[in-house]
1. Distance between Cα centroids, region 212-227 to region 95-126: provide it in whole Å.
2. Relative to the longest principal axis of the chain, what angle (0 to 90°, nearest 10) does the C-alpha long axis of helix 165-179 take?
3. Can you pull the Rg over Rh of region 211-281, Cα-only, Kirkwood?
4. Which ordering of Cys119, Cys111 is given by a fewest-first count of other beta-carbon atoms within 10 Å?
5. In a solvent-free Debye calculation with one equal scatterer on each Cα, what is log10 I(q)/I(0) for the chain at q = 0.10, 0.11, 0.13, 0.14 Å⁻¹, listed in the order of the q values?
6. Using the structure shown, list the pairs from Lys145/Lys200; Lys135/Lys187; Lys26/Lys66; Lys57/Lys197; Lys26/Lys188; Lys141/Lys166 with a Cα-Cα distance above 23 Å, or answer none.
7. If the chain between Asp46 and Glu115 were fully stretched, how many nm would it gain, using 0.36 nm times the residue separation less the Cα-Cα distance?
8. Taking 7 Å along the Cα-to-C-beta vector as the label spot, tell me the Met248-Thr161 distance in nanometres, rounded to one decimal.
Amino acid sequence: MDGVLETVFKQANTLLKDREKLINEKEVHVVSYRWDSFTPELRVFDDGELIELDMGKIGFNVSQEKICIGNFEDGYTPCPKQRSVNTFSQCRGCAPESIPHLECIFEPKDCERCEGGFCEEEHAVYLAFHSYHPKIGMTKKSRLKTRLIEQGADAYSLLATLLHRKEARQEENRISEFLGISQRGSKKRKLKTLSKKIDKEGIRTGYRSVKNRIPTGKLIFLNDYPISLPLRAVPRYRPTPGLHRGKMVGIKGEFLIYENNGLHALNLADLPGRRMKVSGP
Ligand SMILES: [Zn+2]
Ligand SMILES: [Zn+2]
């Protein structure tokens, strides 16, 4: 009899645990990942409202598919059609009016319809450093510092200001070719730099060699990321879809680093559009 009771208790306990898990696990739709100065914010749509997700405890089960993040122009409206998206995080119907061509985000087009919108704003060409590795990039001038923080740069300098996105892209290409510095950053290399002390002297040397060749703004260091560096090892880059579980180590740029039998990196910038099952406390 004792044996039977024990089995019943065990089964009841398992059921209870499963039920707790269900209650504590909720599914949310990630709509944005942004930085407010050096504070990262992951916003999710949860049960009819936009909330900031607490990233203190990592228990995320992330979907493969991305769904349009909706429209933010007049309050927040989720995508009425819940359209699948790929290259861009919004569908055409939800994209802001100021960006008539979504393609301009990556490669500015002829921009006839962009007048007064997204492309017709001051843009900046910049030099960024990830440890001592240089990179050339372009962004809206008003977002310069934010853009560099989003990328997790260690330092940057303004190289040129232009009145139009397309001109800025052309200038970026020209400067990149002239200096022989790439416009692409490598995620793997970014992760590697996390396990080493940031080479400030190397950054200053790289900056001086650019300054000797073209007009260059001040060198500005970015060192207030919520992470304690260097890490004890290079984190492993995990594919975004699937389960991420562990203890939060810190965040720099797009990478959230967590500990679970070793260090792992989740690309937070790849989350918007995905659904996530989040385990509660
Ligand atoms: Zn949409
Ligand atoms: Zn345009």
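1. Going from one Cα centre to the other spans 26 Å.
2. That helix lies at roughly 80 degrees to the long axis.
3. On the way: Rg = 16.3 Å, Rh = 14.5 Å.
Using Cα coordinates only, the ratio equals 1.12.
4. Details: Cys119 26, Cys111 17.
Ascending Cβ contact count within 10 Å gives the list Cys111, Cys119.
5. Reported log10 I(q)/I(0), two decimals: -0.62, -0.74, -0.99, -1.11.
6. Numbers: Lys145/Lys200 18 Å; Lys135/Lys187 13 Å; Lys26/Lys66 18 Å; Lys57/Lys197 27 Å; Lys26/Lys188 32 Å; Lys141/Lys166 13 Å.
Pairs exceeding 23 Å: Lys57/Lys197; Lys26/Lys188.
7. The span from Asp46 to Glu115 would gain 21.3 nm if fully extended.
8. 3.6
The numbers here are math on the coordinates, done by the rules we state, and not lab data. What you see is a predicted model, and the numbers here were worked out from it, not measured in a lab. Here the Cβ is made from the backbone with ideal geometry for all residues, glycine too, and neighbour counts use every protein chain on show.
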